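A.B. asks: Starting off with a structure, shown below.
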Amino acid sequence: MTSVHTPARLPALAERTGHLADSAIGAVLRLTGTSDVIPLAAGSPAPETFCSQEFTEVTTRLLKRDPAALQYGDASGLPALRSWIAAQVPTATGRSYEADRVLLTHGSQQALDLLCKALLDPGDVVVVDRPSYLGALQVFRLFQARVVDVPISSDHGLERLGEVLASEPRTKMIYVVPAFANPTGTSLTAPRRERLSELAERYECVLVEDDPYRELGYDPAALPRPAAPPSENTVRMGSFSKVLFPGARLGYVIAPPSLIDVLMKFKQAADLGNSHLLQQVVHDLVQDSTFLAAQLDRARGVYRERRDALVSALAGAFGSVLDFEVPCGGFFVWGRFPQGTDTARLLTAALKEGVSYVPGTDFYATDPDRATLRLSFSCARAEDMPEAVERLARAWHDSSEDRRE
Ligand code: PMP
């Protein structure tokens, strides 16, 4: 006998669902889905850097030692890991953070969501760099913020930011990725970060420093730099995703204790806290300084080699047709075709040739520069970079010919 299903009658969805964008991150990950496409789209870390052997050993040891490792944990995070983070994250003043300023989150992505829950009413203003991390833009829009973009890293960026802050009294946050940014690969200088922190204080908003790439510098001049001073108006976010593995879904936010308390209550309502087990495993891993130094060295070595292979192939194949700067760290090369190629259109030809990337449009809150693109070197092997770039160059030549016809 076959059963007959009547379509479910669901209630009307909440008003806020109208602000859910198509998942730009999901779209990026899908671009990398097939094995015959060389992946320069997704900014995922390289599985070759994941410390799976050490992970297995530590987990087994932990479970033998204490079955309660599988228990619920503290919604704020494992106290020992909060203290470790507070002691590790550098500050410009040399003072370290207190552990009660640290909240563990499901990746730094959740920290963004919690911050928006705590700070934003519909119509509040968030000022972002131009271009900016698309995963953050997605969250700000969901909370119905008015996103104003300013080229914060450019020569007149701070002047322009000052004007925006003076004319937008509803500004609640200034959002930046200070080191080896997604998508541009560039870093903010220490004086610029201090100035941002001062502006946040003066205009009574929060400077959000989203800093998951800080440890991934590949050149001697790109060693981790001090953070902005722990001013009451600066909120810092970090992540274990790029240094260990993103499957831990472990990130953190550092903020004044009064704000941490609010974020913790939202976190408790959302998920009762991160995995107690994974936090203990990560804590055991990172507190072993010999392991951590070797892990960082290994990751930096893999990414340095991939970056070098990508940038030398790009310079050889494109010459002056593509402008880009060599990033000193992180995962990304940000390029621009000065003659104005539309990179969203070029993508169709590139995927046909068997290479992916992300068109720059997705990273702009307003008025996108359509000639830009983000090429990620984190996921593709160094030996595949010349072929990836050849494919991209073929796609570019073919589509240039199409334009001439
Ligand atoms: N911020 C930035 C700038 C990122 O690039 C990413 C990852 N792509 C995240 C936050 C989120 O990372 P996670 O949630 O894994 O910590």
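The values are calculated or read from the model by the stated rules, or taken from the named source; none is laboratory data. Since this is a predicted model, take the numbers as computed values, not measurements. Every residue, glycine among them, receives a Cβ derived from its backbone with ideal geometry; neighbour counts consider all protein chains shown. Side chains are part of the model used for accessible areas, which takes the heavy atoms of the whole protein and leaves out ligands, DNA and RNA. Shrake-Rupley method; radii C 1.70, N 1.55, O 1.52, S 1.80 Å.
A.B. asks: For the range 161-197, give me each residue that is under 19 Å from GLY360 (Cα atoms) and either more than 12 Å from the ligand (Cβ to nearest atom) or surrounded by fewer than 22 Cβ atoms within 10 Å (Cβ to Cβ) (or both).
C.D. replies: Correct list: THR186, SER187.
A.B. asks: Can you name the residue in the range 236-269 that is closer than 20 Å to ILE174 by Cβ and over 15 Å from the mean Cα position of the chain (by Cα) and, of all such residues, is farthest from the ligand (Cβ to nearest atom)?
C.D. replies: Only one residue tops the list, namely SER258.
A.B. asks: Could you please find all residues in the range 327-353 being surrounded by fewer than 17 Cβ atoms within 10 Å (Cβ to Cβ) and either in contact (Cβ under 8 Å) with a residue 60 or more places away in the chain or among the acidic types (Asp, Glu) (or both)?
C.D. replies: ASP342
A.B. asks: Scan the range 304-326 for residues that are open to solvent by 60 Å² or more (accessible area, probe 1.4 Å) and either outside the structural domain of TRP396 (by TED's automatic domain parsing) or within 16 Å of THR184 (Cβ to Cβ) (or both) and jot them down.
C.D. replies: Taking the range 304-326 first, the residues open to solvent by 60 Å² or more (accessible area, probe 1.4 Å) are 304-305, 308, 312, 316, 320, 323, 325-326.
Passing the criteria: ASP323, GLU325, VAL326.
A.B. asks: Which number in (1) modelled with pLDDT of 95 or more; (2) over 11 Å from the mean Cα position of the chain (by Cα); (3) under 20 Å from VAL125 (Cα atoms) marks the one condition that THR184 misses?
C.D. replies: (3)
The rows are residues; the columns are (1) among the aromatic types (Phe, Trp, Tyr); (2) free of Cβ contacts under 8 Å to residues at least 40 places away in the same chain.
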position	(1), (2)
ASP219	no, no
GLU232	no, yes
LEU250	no, no
PRO256	no, no
VAL262	no, no
PHE266	yes, no
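A.B. asks: Which residue, of ARG9, ARG101, ARG82, ARG65, is more than 16 Å from the ligand (Cβ to nearest atom) and at pLDDT 95 or above? Reasoning before the result, please.
C.D. replies: Details: ARG9 fails: at pLDDT 95 or above; ARG101 fails: at pLDDT 95 or above; ARG65 fails: at pLDDT 95 or above.
Sole residue among the options that is more than 16 Å from the ligand (Cβ to nearest atom) and at pLDDT 95 or above: ARG82.
A.B. asks: Oh, and also: Taking TYR203, is it assigned by TED's automatic domain parsing to the domain that holds TYR133, without any contact (Cβ under 8 Å) to a residue 60 or more places away in the chain and aromatic (Phe, Trp, Tyr)? Don't jump to the end; show me each part of the working.
C.D. replies: Working: assigned by TED's automatic domain parsing to the domain that holds TYR133: yes; without any contact (Cβ under 8 Å) to a residue 60 or more places away in the chain: yes; aromatic (Phe, Trp, Tyr): yes.
Judged against the criteria, TYR203 is a match.
A.B. asks: Provide a single number: the residues in the range 118-160 that are open to solvent by less than 30 Å² (accessible area, probe 1.4 Å) and more than 22 Å from THR361 (Cα to Cα).
C.D. replies: Number satisfying all stated conditions: 3.
A.B. asks: Can you tell me how many residues in the range 177-197 are among the hydrophobic types (A, V, I, L, M, F, W, C) and touching a residue at least 60 places away in the same chain (Cβ under 8 Å)?
C.D. replies: To start, the set of residues in the range 177-197 that are among the hydrophobic types (A, V, I, L, M, F, W, C) comprises 177, 179-181, 188, 190, 196.
From what is left, the residues that are touching a residue at least 60 places away in the same chain (Cβ under 8 Å) are 179-181, 190.
Result for the range 177-197: 4.
A.B. asks: So in the range 270-291, with the set limited to residues that are polar (S, T, N, Q) and either part of a loop (DSSP other than H, G, I, E, B) or within 22 Å of the chain's Cα centre (by Cα) (or both), which one is surrounded by the fewest Cβ atoms within 10 Å (Cβ to Cβ)? Talk me through it step by step, then tell me what you get.
C.D. replies: First pass over the range 270-291, keeping only residues polar (S, T, N, Q): 274-275, 279-280, 287, 289-290.
Filter once more, keeping what is either part of a loop (DSSP other than H, G, I, E, B) or within 22 Å of the chain's Cα centre (by Cα) (or both): 274-275, 279, 287.
Details: ASN274: 28, SER275: 19, GLN279: 24, GLN287: 13.
Filtering first and then ranking leaves GLN287.
A.B. asks: Further question on the same structure: Taking the range 312-325, which residues are under 22 Å from the mean Cα position of the chain (by Cα) and without any contact (Cβ under 8 Å) to a residue 60 or more places away in the chain? Write out each step before concluding.
C.D. replies: Filtering the range 312-325 down to residues under 22 Å from the mean Cα position of the chain (by Cα) leaves 324-325.
If the condition is that a residue be under 22 Å from the mean Cα position of the chain (by Cα) and without any contact (Cβ under 8 Å) to a residue 60 or more places away in the chain, then PHE324 is the only one that fits.
A.B. asks: Do we have any residue at all in the range 286-303 that's of a type in the set (S, T, N, Q), away from the ligand (no atom under 16 Å from the Cβ) and touching a residue at least 40 places away in the same chain (Cβ under 8 Å)? Step through it out loud before you land on a result.
C.D. replies: Start the filter on the range 286-303 by keeping residues that are of a type in the set (S, T, N, Q), which leaves 287, 289-290, 295.
If we keep only those that are away from the ligand (no atom under 16 Å from the Cβ) too, we end up with 287, 289-290, 295.
From what's left, touching a residue at least 40 places away in the same chain (Cβ under 8 Å): 287, 295.
The answer is yes; a qualifying residue exists.
A.B. asks: Taking ALA41 as the residue in question, decide whether it is open to solvent by less than 20 Å² (accessible area, probe 1.4 Å) and within 16 Å of the ligand (Cβ to nearest atom). Can you show your working first?
C.D. replies: On the way: open to solvent by less than 20 Å² (accessible area, probe 1.4 Å): yes; within 16 Å of the ligand (Cβ to nearest atom): yes.
Answer is yes for this residue.
A.B. asks: Please determine, by comparing only the residues of the range 354-370 that are of a type in the set (A, V, I, L, M, F, W, C) and more than 14 Å from THR184 (Cα to Cα), which one is surrounded by the fewest Cβ atoms within 10 Å (Cβ to Cβ). Before the answer, list the steps.
C.D. replies: To start, the set of residues in the range 354-370 that are of a type in the set (A, V, I, L, M, F, W, C) comprises 355, 358, 363, 365.
The next check asks that each one be more than 14 Å from THR184 (Cα to Cα); those that pass are 355, 365.
Details: VAL355: 27, ALA365: 23.
The qualifying residue surrounded by the fewest Cβ atoms within 10 Å (Cβ to Cβ) is ALA365.
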